[in-house]
Each structure stands twice: as structure tokens, then as C-alpha cells.
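The values are calculated or read from the model by the stated rules, or taken from the named source; none is laboratory data. What you are looking at is a predicted structure, and each value in this text was computed from that prediction instead of being measured. Cβ sites come from the backbone with ideal geometry, for glycine too, and all protein chains shown count toward neighbours.
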Amino acid sequence: METKTDTRRLNTIHPRLRELLFTMRRFLKNPLSVIGVSLVVIFGLIALLAPVLQPPKYADPYKIPHTGFRIEPSPPSAEHPLGTMQQQYDMLYGLVWGTRSAFRIGVLVVAANLFIGIILGVLAGYFGGTVDEVIMRITDIFFAIPFLVMAMALVVAIGRGLKAVVIVLIILGWPSYTRVLRSDILVTRGKDFILAARASGASHLRIMITHVLPNALYSVIILASLNIGTTILTAAALSFLGLGSETGTADWGQIISLCRSWIVGTPGNRFAYWYTVFVPGAVISLFVLGWNLMGDAVRDVFDPRMRRR
Amino acid sequence: MILVLVGVSLLVFAMMMLLPPGQRVAAYVTNDRVSPAQMDALIAKYGLNAPAPLQYVRWVTNMLHGEFGYSITASSPVLKGFTRFFPVSVELVLFAAPLIILTGIFLGTLGAVRKDTPVDHVTRVLAIVGFSVPTFWLGLLLMMIFYGFLGIFPPGAISTDARNIVFSDAYHQYTRLVTLDAILNWRWDVFWDAFYRMVLPTLNLVVINSALIMRLMRSSMLESLGQDYMMTARAKGADRRTLFRHHARRNAMLPVITISGITFAELMGGMVITETIFDRKGIGWWMAQAALQLDVAAIMFDVLFLGTIYVVINLIVDLIYAYVDPRVRLS
């Protein structure tokens, strides 16, 4: 709750700064937003500092070092703080470099999706007519097959591996951005200020970039933040099914698939291997949770419809 | 709709054309001892080196004649494998889908009606968990706790004993849905056996897939509660129950109906993972196996089949929407 003097003091400062302060306050008011952003920042730091936290042992840092070939996972110890997986792969190393790998995949895929999605969305929304019709029918086809199923088929067609997973997620991920952006642009396009810009002689490209796009971009950015989580979940699912990275790669889905045979403990201790199943999944969940909460936070803070509530 | 289906088939075909003929020929090979010379003969026979449009036409014609090729993972022709795997999936969907919808609507409404109370916070956390937790991890956790630790709810679709009963002469498989057949045969032991193994997979799908509906229901219910017609209804003296049930929830359901198509698509993705983890040999399990073993015929069929179902479901959703929404119905 703001007091009267508070508001007056705010009114004396620059409007841009005032908006920023308002944004910050709005953001800090919701504990979930703070948790979300903190999670993303923490994971970001882990990803950035991976070479320092867990110095690589091989030329390819994404290969998890393993001490021996014993099948049975071993519990946490001084040498392996989070224990080892099947075949003695070090869990902590895998998770730390897996974070880096997740960031690379997530950011790369979503950036590429955004790029394709925005271009096609702007074309469809601004020009309408045949262009719109063709682009929208193509997105319809992409939406007509369940995402994971299509991703599986395409990964098989390209040839398995982490690279294929990334390519597939790029090829399949853009339609949602195109749809959202197009409908936002259709709303913006009819506004008077576009007409004014047109009347004052601005070119199509100029109108698109300086007038239409900035007004329609918010929902796409929110979608992108939410989609980083989903992208990582899909990539992990593909790796889990055995279509992604090779055994021993620092990749979350791969790590869990290494652990799936250990849900039943030894006769004496039925929870004997709980660490090997629990920890990697918890890490993925927190990562996705972070991005989801951050997406919600971005929406709360920037979406003009939610902002002033 | 037909146009979309043609597009889907083109897309599936284009994807598979990325594979060399030597791998696509697998769809016509019925045993695993084939010499390279025989392979070349098969490639020539089925025209797998022909121009792409010609191959597409041939593929579609074959499908219209009910010829889908041979599936290595099912070790039988695709169609035969399909009749074996499909009922297992249908059964799980029949259990899971109604529960997903009911849970989503119920908890979403509850959250909106009790906004900002502990009940609301719990339902919101549940929705967030459903969004963030990987399906395969939740499945493994459930298995570890219930099967690994407590020793209940084993994986698989049916126990060996029950399977022997199902395939015995005295037992009639009317629908191939194990639980339904068991009731029709009055074999409650078989019913319980199958039902018991259905609990965890269903729970897994419900937790993951009801999140979207839950969240949407909550926000759309909140919106609907703030509308003027709620005030009118209250002014006319409606009690809380009528207010929520007849005035708010009816209107709040509309967006939920639209989203149920998406929920269904997610459910199919979830089936691939859930069936793989809980070792239920359904369509999802088949798809995963086919992808692993480059079973081209099965992959093409499954993708096309699931795509077709999804298109049909979306059509049904549109029809339901038109029926439920008076604005569409009367225009």
C-alpha cells in the first residue's frame, strides 16, 4: 500500500524511472515471481560456472567421467557428493554440465523459434490475404499432430542424437509464436496510429518494425519464457526414450534414463537407490518451474491488461 | 479438415523420405535374414527409388487399400499389430480422460471460489507441479514409492495368471478392453487384476494433464465471477450454490472446452512415456519401440493415426462448443 507522500515523491521523478520502480514493486510483491527468477538466475550461474564448479576431465566437457564399469549405482560419498549412476558416472558432474547443456538447448531452440515465428507471424498478420492463408494452413498442419509424437518421428528421420533433437525442436516449435503474434497484429493493424503512419508516408517495413511489432510483442515474449521450460521437458523426454544423446552424455533426460532400472531397491533396503532416481528429476523440475514462474512474472509485470490490476 | 489430413500425410511422408531407401524398405521385410541383393530387389520392386510424388501416390493408394506394410516391433503386419495395441491404450484413456477433466474442473472451480485461501494455494501449487514435473520422472517416482517400496501396484497391463484366463477358451474377448471384458465374463478376479495395474498410470496422467484445465478453469471462473450477471443473479436472490453452479461455472466452462483438444494432444504424448514406463503395450509403447528400432511402417502409421484422431477430436470439440455456446448456436 502506497501512502500519499510516497505517491507525491514518485511524481517528481522522471516518468521512465517511475515506471521502472512501479515494475520492480509489482514484481517483488509476488513471492512466486521472486522464486522463479531466483531459480533461473541460480541455474544460469551454475551453467556459466560449470568449468569452475566441475572441471572437465576429457576434451569434450559434456562427457561425464566415470570411475569403473560396475553397474550398480553407489551412494553419495566424499568423492561423489551426489553419488554415481549406473556404470559409476558421477551424478554431480552430469547435473552441472547438464544445466549448461539445457541452457544451450533451451535458449538456442527458443531463439530460433522466435526468429522464424516472428517473421512468419508478421507477414501473415500484416499482409493478410493469400500470404496469411498459406502460412496459417501450414501452422494448422503442424498443430494437427501431437507434438511429442511428431518430434519422435522427425528425430528418427533425421538420425538420432542431441543435434537432431535440437533441429527437430527448431523445426516444430515456431507455429505457436506465429499464431499468437498474428492475432495480436490483426488487433494492432486496425488501430488509428497505424493509419496515421501510413498517411504520413511510412513504408510497410518501417510500419511493421517501429509500430506494429513493438505493440504486439509482449505475448510472444511471455510465451517464449514459458516455452523454454517446455522445450527442455521435450528434449529430456526424447533423451529418456533413447532418441537423444548417447549414454554418458551430460544431459538430464539421458541421466534419468540411466537411472530408470533402479526404482526397486535391494531386498534388505527397498529405497537403496532412491538418490539416483530422485535427484536428477528434481533438478529438471526446478529448472522448468523457474522458467514457468518467470513467464508468469513477466506477464504480471509487463502485460498492460494485468499490470494495473 | 480433409485438407489438414492431406497436409499431415504429406508431412509424414516428407519426414520419412529423409531416410535412405535401404531403411525404408524395412516396411516390406518380414524376417531379419535378408541379403543385400534381396534388399535391392525389394527396393526395386516397391519403387523406393522412384520420384517422390510417385511414391507418395503409391503410399496413399496402399493405405486406402488397407496395406500399411510390415512392422518389425509388432512382428506382424501393421494393421494386426494395431488391433493388438490399440485396446490397451483406449482402456487407459477411458480411465484417465474423464478423471483429468473432472479433476481439472473441480479443483479449478474450488480455487476460484475460495480465492486466496489455503485451498486456493494448494490447487495452484498442484497446477504448477503438473506443468513443471517431467512425466517420465513422476512415473518413476510413483513406481519407486508404490511398487519398489510398498510392493503394491506392479507394472504391466495384466498378470500372467489373469492373462492365462483371458486367453482360455471359456473366456470371450468381446471388446478386447480387459476390464470391460472381465465384467462381461463375470470374472471379477481378472477385473481387479487389470484395474489394480491401471491405478498408477492413470494417476501419472491425471497429475500431469489436469494442470492446464485446472489453471484455465480457475482464471476463467474468476473472470466470470466478476461479471455483471453475477450481481444481477445475486440481486434476484439466488443462493451461493445456484450462483456458482448455474451462473458462473457454465460460462467459465467455455474456454475449458476449447482447450480440451490441446489436453488430448498432451495426453497422447503422455501415453508414449507412461506406457513405456509402466510397461503397458499400447500405441504409445509401440510408437516408442518403433522409433528406437527404425520401424518405418509403424512410425508412419502411428503418426498418421494419432494425427487423424487429433483432427477428429478437434472437430468434435468445435461441435460441442457450438452446441454449448448460445451465441454460436443461435447465430
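The table that follows gives values for the structure above.
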quantity	calculated
Criterion: within 14 Å of chain B (Cβ to nearest Cβ), assigned to a helix (DSSP H, G or I), over 30 Å from A:Thr188 (Cβ atoms) and without any contact (Cβ under 8 Å) to a residue 60 or more places away in the chain - qualifying residue of A:Val156, A:Val149	A:Val149
Residues of region B:261-289 satisfying the condition of being on the phi < 0 side of the Ramachandran plot and more than 10 Å from chain A (Cβ to nearest Cβ)	B:Thr263, B:Thr274, B:Glu275, B:Phe278, B:Arg280, B:Lys281, B:Gly282, B:Trp285, B:Trp286
Qualifying residues in region B:1-33 (those that are more than 24 Å from A:Arg160 (Cα to Cα) and hydrophobic (A, V, I, L, M, F, W, C)) - the one nearest to the other protein chains (Cβ to nearest Cβ)	B:Val4
Residue in region A:136-143 that is crowded, with 20+ Cβ neighbours inside 10 Å, assigned to a helix (DSSP H, G or I), of a type in the set (S, T, N, Q) and more than 8 Å from chain B (Cβ to nearest Cβ) present	yes
Matching residues in region A:282-294 - criterion: being more than 7 Å from chain B (Cβ to nearest Cβ), surrounded by fewer than 22 Cβ atoms within 10 Å (Cβ to Cβ) and over 12 Å from A:Ile42 (Cβ atoms)	A:Ala282
Single condition B:Pro326 does not satisfy, out of (1) farther than 23 Å from B:Ala96 by Cα; (2) within 9 Å of chain A (Cβ to nearest Cβ); (3) not aromatic (Phe, Trp, Tyr)	(2)
Considering residues of region B:139-151 that are more than 8 Å from chain A (Cβ to nearest Cβ) and among the hydrophobic types (A, V, I, L, M, F, W, C) only, the residue surrounded by the most Cβ atoms within 10 Å (Cβ to Cβ)	B:Leu142
Extreme residue, surrounded by the most Cβ atoms within 10 Å (Cβ to Cβ), among residues of region B:93-119 that are modelled with pLDDT under 90 and within 14 Å of another protein chain (Cβ to nearest Cβ)	B:Lys115
Verdict on A:Tyr89 being in contact with a strand residue (DSSP E or B) (Cβ under 8 Å, 6 or more places away or on another chain) and either of a type in the set (Phe, Trp, Tyr) or surrounded by fewer than 18 Cβ atoms within 10 Å (Cβ to Cβ) (or both)	yes
Among (1) crowded, with 16+ Cβ neighbours inside 10 Å; (2) within 15 Å of B:Arg197 (Cβ to Cβ); (3) aliphatic (A, V, I, L, M); (4) free of Cβ contacts under 8 Å to residues at least 60 places away in the same chain, the one test that B:Ala157 misses	(4)
All positions within region B:290-308 that are facing chain A (nearest Cβ under 10 Å) and over 19 Å from B:Glu266 (Cα atoms)	B:Ala290, B:Leu292, B:Gln293, B:Leu294, B:Asp295, B:Val296, B:Met300
A:Gly244 being within 12 Å of chain B (Cβ to nearest Cβ), in contact with a helix residue (DSSP H, G or I) (Cβ under 7 Å, 6 or more places away or on another chain), over 30 Å from B:Phe149 (Cα atoms) and part of a helix (DSSP H, G or I)	no
Residue that is touching a residue at least 60 places away in the same chain (Cβ under 8 Å), more than 14 Å from chain B (Cβ to nearest Cβ), of a type in the set (Ser, Thr, Tyr) and in a helix (DSSP H, G or I), where the choices are A:Ser239, A:Ser219	A:Ser219
Every residue from region B:214-258 that is in a helix (DSSP H, G or I), modelled with pLDDT under 85 and within 14 Å of another protein chain (Cβ to nearest Cβ)	B:Thr258
Counted residues, region B:5-33 - those being surrounded by fewer than 20 Cβ atoms within 10 Å (Cβ to Cβ) and aliphatic (A, V, I, L, M)	8
Test: residue in region A:200-215 that is charged (D, E, K, R) and outside any helix (DSSP H, G or I)	no
Identity of the residue in region A:268-309, of a type in the set (D, E, K, R) and assigned to a loop (DSSP other than H, G, I, E, B), that ends up modelled with the lowest pLDDT	A:Arg309
Residues of region A:51-100 that turn out to be assigned to a loop (DSSP other than H, G, I, E, B) and not aliphatic (A, V, I, L, M), as a count	23
Test result for B:Thr308, in contact with a Ser or Thr (Cβ under 8 Å, 6 or more places away or on another chain) and not in a loop (DSSP other than H, G, I, E, B)	no
Region A:247-267, residues that are crowded, with 21+ Cβ neighbours inside 10 Å, more than 9 Å from chain B (Cβ to nearest Cβ) and either free of Cβ contacts under 8 Å to residues at least 40 places away in the same chain or not in a loop (DSSP other than H, G, I, E, B) (or both)	A:Thr249, A:Gln254, A:Ile255, A:Leu258
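Rundown of residues vs (1) touching a Lys or Arg at 6+ places or on another chain (Cβ under 8 Å); (2) over 18 Å from B:Arg218 (Cα atoms); (3) outside any helix (DSSP H, G or I); (4) not charged (D, E, K, R), yes/no style:
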residue: B:Val93; (1), (2), (3), (4): no, yes, no, yes
residue: B:Thr123; (1), (2), (3), (4): yes, no, no, yes
residue: B:Met143; (1), (2), (3), (4): no, yes, no, yes
residue: B:Phe146; (1), (2), (3), (4): no, yes, no, yes
residue: B:Ala182; (1), (2), (3), (4): no, yes, no, yes
residue: B:Trp186; (1), (2), (3), (4): no, yes, yes, yes
